[in-house]
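The values are calculated or read from the model by the stated rules, or taken from the named source; none is laboratory data. Only a predicted model underlies this, so the values are computations on that prediction, with no experimental measurement involved. Here the Cβ positions follow ideal geometry from the backbone for every residue, glycine too, while neighbour counts run over all protein chains shown. Just so you know, the surface numbers come from the protein's heavy atoms only, side chains and all, with ligands and any DNA or RNA stripped out. Shrake-Rupley method; radii C 1.70, N 1.55, O 1.52, S 1.80 Å.
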Amino acid sequence: MVIADLHVHTTNSDGQLSFADLPAAAKEAGLEVIAVTDHDRIHPQIDAPVIVRDGVTIIHGIELRVQADDLRVDLLGLGVSPTAELQAECDRLGADRIQRAQSIIACIEQRLNVKLNIELSEKVGRPHIARAVVEHAETVYETEQAVFDELIGRDCPCYRSRSVPTFEQGVALLKDACAIVGLAHPFRYSDPQAALKLAVELDGVEREYPYDSSVDVSEVDKIINDYELLALGGSDAHGKRLGKTGLTAKQYATVAERLPDSN
């Protein structure tokens, strides 16, 4: 039984749940613990590495995209105590997100001959843009996935890349600020084996994740066992349903040992 979802996004980045919504959503899913891991963003309403709200333990986390040679991967930081250096990098990434979004939006508006209604802020991401395209009355796109597949996904005409820190820079920033640093969803990358090799320099790797197809988790288990890494897990929820995947009580107990006590 899953009791901990350690990969959740909120309206602080591109999720649909506000901070106030989290305890009820967690309880509805039967969860005792969640980690808020917004993209390149420190959550302003979580004032300690671990807190308890309405009986639910909430871990302050972050998901940071980094460049490792030719591979872009996502790092999960859990138990965040923000440093000035991490905040400065988040600020830089926020400004870069705005510039990137402006370029993507301009491309879409020109191709589709529409005007999109999108609030530009440091948390803007491609899901926000995809939703705006679907909601526009004059476009033919009925799902956000269709927008990604045809317009803004990698190798699509309106895709624009982001300026992200190197793997080494990202790891250094997170290790200074977080109790645990792990590799997110290793089988989502173009080269999972190369991604898993990066995990040996971290504290853990995401073992439990709702992939679209079956994966050989034994590869992750080998890395975990050989290098004594933590087995992490979560749903990567961007919507309002939490706990699709996560950790059991036994699995979470090992992770909890590395986290500060809640306030």
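Residues in segment 119-142 include at least one that is open to solvent by 70 Å² or more (accessible area, probe 1.4 Å), β-branched (Val, Ile, Thr) and more than 28 Å from GLN45 (Cβ to Cβ).
The rows are residues; the columns are (1) among the acidic types (Asp, Glu); (2) touching a residue at least 60 places away in the same chain (Cβ under 8 Å); (3) not in a loop (DSSP other than H, G, I, E, B).
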{"site": "VAL133", "(1), (2), (3)": "no, no, yes"}
{"site": "VAL140", "(1), (2), (3)": "no, no, no"}
{"site": "ALA146", "(1), (2), (3)": "no, no, yes"}
{"site": "ALA179", "(1), (2), (3)": "no, yes, yes"}
{"site": "SER190", "(1), (2), (3)": "no, yes, no"}
{"site": "GLN193", "(1), (2), (3)": "no, no, yes"}
{"site": "LEU198", "(1), (2), (3)": "no, yes, yes"}
{"site": "TYR211", "(1), (2), (3)": "no, no, no"}
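Of all the criteria given as (1) of a type in the set (A, V, I, L, M); (2) surrounded by fewer than 21 Cβ atoms within 10 Å (Cβ to Cβ); (3) within 17 Å of VAL205 (Cα to Cα), the one not satisfied by ILE34 is (2). Just one of the numbered conditions (1) at positive phi; (2) surrounded by 19 or more Cβ atoms within 10 Å (Cβ to Cβ) is not true of GLY55: (2). When restricted to residues that are surrounded by fewer than 17 Cβ atoms within 10 Å (Cβ to Cβ) and in a helix (DSSP H, G or I), segment 103-118 contains 5.
Just one of the listed residues (ASP74, ASP47) is within 21 Å of ILE180 (Cα to Cα), crowded, with 21+ Cβ neighbours inside 10 Å and charged (D, E, K, R), and it is ASP74. The residue that is nearest to ASP69 (Cα to Cα), counting only those in segment 160-177 that are open to solvent by 40 Å² or more (accessible area, probe 1.4 Å), of a type outside the set (A, V, I, L, M, F, W, C) and part of a helix (DSSP H, G or I), is GLU168.
Output the residues belonging to segment 1-31 that are at pLDDT 95 or above, surrounded by fewer than 22 Cβ atoms within 10 Å (Cβ to Cβ) and on the phi < 0 side of the Ramachandran plot. Scanning segment 1-31 gives ILE3, SER18, PHE19, ALA20, ASP21, PRO23, ALA24, LYS27, GLU28, ALA29. Where residues in segment 207-229 are in contact with a Gly (Cβ under 6 Å, 6 or more places away or on another chain) and closer than 24 Å to LEU242 by Cα, which of them is least open to solvent (accessible area, probe 1.4 Å)? Ranking the qualifying residues of segment 207-229, first place goes to GLU208. State whether one or more residues within segment 58-65 are of a type in the set (A, V, I, L, M, F, W, C), in contact with a Leu (Cβ under 7 Å, 6 or more places away or on another chain), in contact (Cβ under 8 Å) with a residue 12 or more places away in the chain and closer than 21 Å to SER121 by Cα. Looking for residues that are of a type in the set (A, V, I, L, M, F, W, C), in contact with a Leu (Cβ under 7 Å, 6 or more places away or on another chain), in contact (Cβ under 8 Å) with a residue 12 or more places away in the chain and closer than 21 Å to SER121 by Cα, one finds at least one in segment 58-65, hence yes. Scanning segment 77-102 for residues that are among the hydrophobic types (A, V, I, L, M, F, W, C) and surrounded by fewer than 18 Cβ atoms within 10 Å (Cβ to Cβ) yields a count of 4. Applying the criterion of being touching a residue at least 60 places away in the same chain (Cβ under 8 Å), of a type in the set (A, V, I, L, M) and assigned to a helix (DSSP H, G or I) to the residues of segment 245-255, the residue that is farthest from ILE58 (Cα to Cα) is ALA249.
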